[in-house]
Each structure stands twice: as structure tokens, then as C-alpha cells.
Amino acid sequence: MLSETSTALCFVFILLVPLAGAGLALINTGLGRSRSAAHSMMTSLIVIAIAAVVYFGCGFSWQGFVGRPAHFVAIGHAGWNWIAAEPFFMRGLALDGSPASLTVVLQLFSVGLAALIPVGAGADRWRLGAICASTALLAGLTYPLFAHWVWGGGWLAQLGTNYGLGRGFVDAGGSSTIQVVGGLTALSIAWILRPRRGKYSAQGMPAAIPAHNIVFVIFGCVLGLVGWLGLNSAGALLFAGVGVERVVLIAVNTILAAASGGLTAAMVTRLRFGKPDASLTANGWMGGLVASSAGCAFVKPAVAVIVGSVAGGLVIFAIEWLEFKLKVDDPAGAISVHSVGGIWGVLAVGIFAQIPGENAGQLLAQIVGVAALVGFVLPMTYGLNWLLNSFHQQRVAVDGERQGMDLHELGAEAYPEFVTHSEEFIPR
């Protein structure tokens, strides 16, 4: 149980988390096209709302909380916890400031944060109705199932008890449960939707479709930092079992990881292109935040700088690799920032973290978690969205994409008094 001071402080941290969602919404919008800006912001609001309602209805039923009812499977001499067994609509859960009730509040925000990530990858071509249906699948099944394995006392958390692998899979702030799950869903959506019109020439070379408002993007990074301070702190208090005295360390590590990620991205782009790239620097900043979450309470500040720097560099090269090699059109860089940055953050726990207790085998526990993400969550989220696409076409019609998502789906532009970008600069 948390003390009264810890409970109050945790609740304040949770209330900062929506700022991370606001930051992601601005980043997704700013990196997209001007004629889809209103659609992107409207979509972000709807996604957060649907995610919260669906999680309330059935998501918590599958995620649960440590020590509460769950389904076990006996393998060998151990019982493996696979899924929670809570009533629907949170019936029977006392919202009284207990750790379980605080977890519910945090998860209502966190699941929306995960659902915002695919919006960036599907920008300029993903239909609003399809986004709503995909969000319901993420919030009602994919997210709570993996979150139970990590935060609800599930089998990944049991790797320490059942197999002696450190403390089991550790993720204090959601590098895996929020970021990688959202990033792998973004990859699935980008594959299903295919690239935007004019993104690739007949020879397969990508065209640069510039961000329409880099000011939104940079401001989104600042909001993201504040939101991540709350997310990492609240997650560490609720899921990692740390005391309030670690909050300052968590804040320092989060800030340093973001700063080093952004600086690394700026330096890499300066060396490669002659000038620093603002959008890629923002992606590096966010990559540092994503990577910081898993081990924010268990690494020293110097290590946080290393974790953020590596994340910032990885994100830059992952964006290029996806765009040039795999022909994946991801306007916001969401796949690289959240999947690649999140996986690195998870592995960094096993490499650098100093967790109280037995640490032998911790890296292997983290690798098992990554394998579960790539081997189970990715096929699952792709399969669910592929089935959805079979019944309800996810990509907007050609005329709608040419016209712009604002006019086509909302009937009004975000910037009615200004001329929005045409396609004249994009090769046919």
C-alpha cells in the first residue's frame, strides 16, 4: 500500500499524463499536411475518448492489477498468469485511492496515449471511422492483454519468480506496454494503408513531403516532456515498487534522456545533411523520452544520457531504413520513435539497471518481453486490423486524399483563410 503522501503525489503525477497526449497530437498534426490538420486534431480527441470508454468497459477486465483475480495456466511446477478475470465496467472495484484505483486512472490516460501513436503513421489517408474501430481493438484487447503480462502480475512479470530471471520483465513507465504496443500497431496500419499518393516515384524513390507546421511539433515535444515526467513517476510508484524518494531521480533521468536524444539527432543530421533537421531532432527528443520510461527509476543520470543518446541516433536511422528500404510511409516517424526507441529502452534495463535484489538474468527477461512483443503483439495487431480492413476499408478514397481529410471527412478546413499546400511539388 502507498502512504497518504505517496498516494497524493502519485495522483498529481497522473494528472500530468494528458499533456503527453496533447504533445503527441500536436506532433502528429504538425508533421502531416496542412489540409489534414483539423482532421488530425479531431481524430486525436476522438481516439482518447474511445480508448477511455472501451478500456472502462472491458480493457481493465483483461488487464487487472497484481493480486486481483486472474486466470492461470499450470506449466511444469509453476502457475503462469495469462489474463485477468475482473468484471466488466469495473464493477466491484473501489475507487478509493488504493493502488488499484490509481492504476485505473493512469491507464485511462495511458491507453489513449498508446492509441494516438498509430494516428501519426496513418496521417493524411486514414479514415475517421476506421480509426475509431482500430482504437477500440487496441484499447479493448491488445493493450490490456500485454499490460496484464507486465503490470498485472502476468507471466512476464513472473519470469523472476518462476525462472529466476532477475525481477522478471521490468518496465516502470511503459516503454513496452504503451510505446512499443502503440508503435507496432502503427507499423501494422502503415502496411495496410500503403504509402500516400506521390510519396514514391515509379523508380521507388521517396519524395520529401515536408511538415506543414514545425512550431506545433517543437511545442509538442515540450508538452511531451512534462507529460512524461508524470507518466514515468506515476508508473514507477505503482508498478516498480519504488518509494517517493526516487521521484527526483526519475525526473532527472527523464529530462536528460530527452535532451540527449534531441541533441544526438541534431548532431547526426548536421553531420549527414550539412544542417540540423528540425523534425528529426524532434523525433530524437521523443525517442529519448520513450526509451527513458522502462528504467527511469533504476539507472544513474549518466546512464540516462547514454540511453537517450542511443535512442536519438537509432530513431534517425530507423526512419531512413523504413522509408528507403521497406517503403513504409510514416509521416510522423511514429514507428521508429515508439517501437525502436521503446525496444531499446526495454533492453537498456537489462544492460544498465541496478534493481534492488537479484539482477542475474535480467537482460534475458527483457529479451523475452521483446520477443513477446514482436512474436505475438505484432501479428495480433496486424491480424485484427487486417480483418477490420476486410470489412471496413481503412484508407480514404483517392478523391478524398487529393481533396484533403479536412474537407472530405469534416467539411471544413483547419486554415480557411490561407492557401494550403497543393501536390505540385510532389512527383507524379
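The values are calculated or read from the model by the stated rules, or taken from the named source; none is laboratory data. Because the structure is a prediction, the values reported are computed rather than measured. Every residue, glycine among them, receives a Cβ derived from its backbone with ideal geometry; neighbour counts consider all protein chains shown. SASA here: full protein model, heavy atoms, side chains in, ligands and nucleic acids out. Shrake-Rupley method; radii C 1.70, N 1.55, O 1.52, S 1.80 Å.
Apart from one condition, N253 fits all of (1) touching a Cys at 6+ places or on another chain (Cβ under 6 Å); (2) closer than 19 Å to L31 by Cβ; the exception is (2). Within region 214-227, the set of residues being more than 13 Å from I14 (Cβ to Cβ) and open to solvent by less than 20 Å² (accessible area, probe 1.4 Å) comprises V217, G220, C221, G224. Contact annotation: residue pairs with Cβ atoms under 7 Å, 6 or more positions apart or on different chains, pairing a residue in region 182-202 that is closer than 24 Å to G21 by Cα with a partner that is basic (K, R), are L193/R125; L193/R395. Look at region 259-272: where a residue is without any contact (Cβ under 8 Å) to a residue 40 or more places away in the chain and a partner is assigned to a helix (DSSP H, G or I) and open to solvent by 30 Å² or more (accessible area, probe 1.4 Å), sitting 6+ places away or on another chain with Cβ atoms under 6 Å, you get A266/T281.
Which of the residues belonging to region 3-20 are among the aromatic types (F, W, Y) and within 11 Å of G97 (Cβ to Cβ)? F11 - this is the single residue of region 3-20 that is among the aromatic types (F, W, Y) and within 11 Å of G97 (Cβ to Cβ). Taking (1) open to solvent by 10 Å² or more (accessible area, probe 1.4 Å); (2) more than 19 Å from the chain's Cα centre (by Cα) in turn, T269 satisfies each apart from (1). Scanning region 29-60 for residues that are charged (D, E, K, R) and part of a helix (DSSP H, G or I) turns up just one, R35. Any residue at all in region 198-209 that is closer than 21 Å to W62 by Cα and open to solvent by less than 20 Å² (accessible area, probe 1.4 Å)? Looking through region 198-209, none of the residues is closer than 21 Å to W62 by Cα and open to solvent by less than 20 Å² (accessible area, probe 1.4 Å).
Answer yes or no: is there a residue in region 402-415 that is hydrophobic (A, V, I, L, M, F, W, C) and open to solvent by 60 Å² or more (accessible area, probe 1.4 Å). Break it down stepwise before answering.
To start, the set of residues in region 402-415 that are hydrophobic (A, V, I, L, M, F, W, C) comprises 405, 407, 410, 412, 414.
Imposing the further condition that a residue be open to solvent by 60 Å² or more (accessible area, probe 1.4 Å) reduces the set to 407, 410.
Yes, region 402-415 contains a residue that is hydrophobic (A, V, I, L, M, F, W, C) and open to solvent by 60 Å² or more (accessible area, probe 1.4 Å).
Of the candidates W82, W62, the single residue that is within 21 Å of S101 (Cβ to Cβ), touching a strand residue (DSSP E or B) at 6+ places or on another chain (Cβ under 9 Å) and not polar (S, T, N, Q) is W62.
Listed by first and then second residue, the pairs linking a residue in region 373-400 that is assigned to a helix (DSSP H, G or I) to a residue that is of a type in the set (D, E, K, R), with Cβ atoms under 6 Å apart and 6 or more places separating them unless they lie on different chains, form an empty list.
Among the residues of region 61-110, write down those that are surrounded by 11 or more Cβ atoms within 10 Å (Cβ to Cβ), outside any strand (DSSP E or B) and small (G, A, S). The answer is S61, G64, A85, G97, S98, A100, S101, S110. The residue that is farthest from the chain's Cα centre (by Cα), among those in region 113-144 that are open to solvent by 20 Å² or more (accessible area, probe 1.4 Å) and not basic (K, R), is G129. The single condition from (1) surrounded by 22 or more Cβ atoms within 10 Å (Cβ to Cβ); (2) more than 19 Å from W155 (Cβ to Cβ); (3) in contact (Cβ under 8 Å) with a residue 60 or more places away in the chain that I316 fails is (3).
Against the test of being assigned to a loop (DSSP other than H, G, I, E, B) and modelled with pLDDT of 95 or more, the options A123, A130 yield a single qualifying residue, A123.
Just so you know, in region 145-174 the residues that are within 21 Å of S134 (Cα to Cα) and part of a helix (DSSP H, G or I) include one that is most open to solvent (accessible area, probe 1.4 Å), and it is L145.
Among the residues of region 376-387, is there at least one that is farther than 20 Å from Q179 by Cα, open to solvent by 20 Å² or more (accessible area, probe 1.4 Å) and modelled with pLDDT under 95? If you could, list the steps in order and put the result at the bottom.
Applying the first criterion (farther than 20 Å from Q179 by Cα) to region 376-387 yields 386-387.
Pick out the ones that are also open to solvent by 20 Å² or more (accessible area, probe 1.4 Å) and you get 386-387.
Now restrict to residues that are modelled with pLDDT under 95: none.
For region 376-387, residues farther than 20 Å from Q179 by Cα, open to solvent by 20 Å² or more (accessible area, probe 1.4 Å) and modelled with pLDDT under 95: absent.
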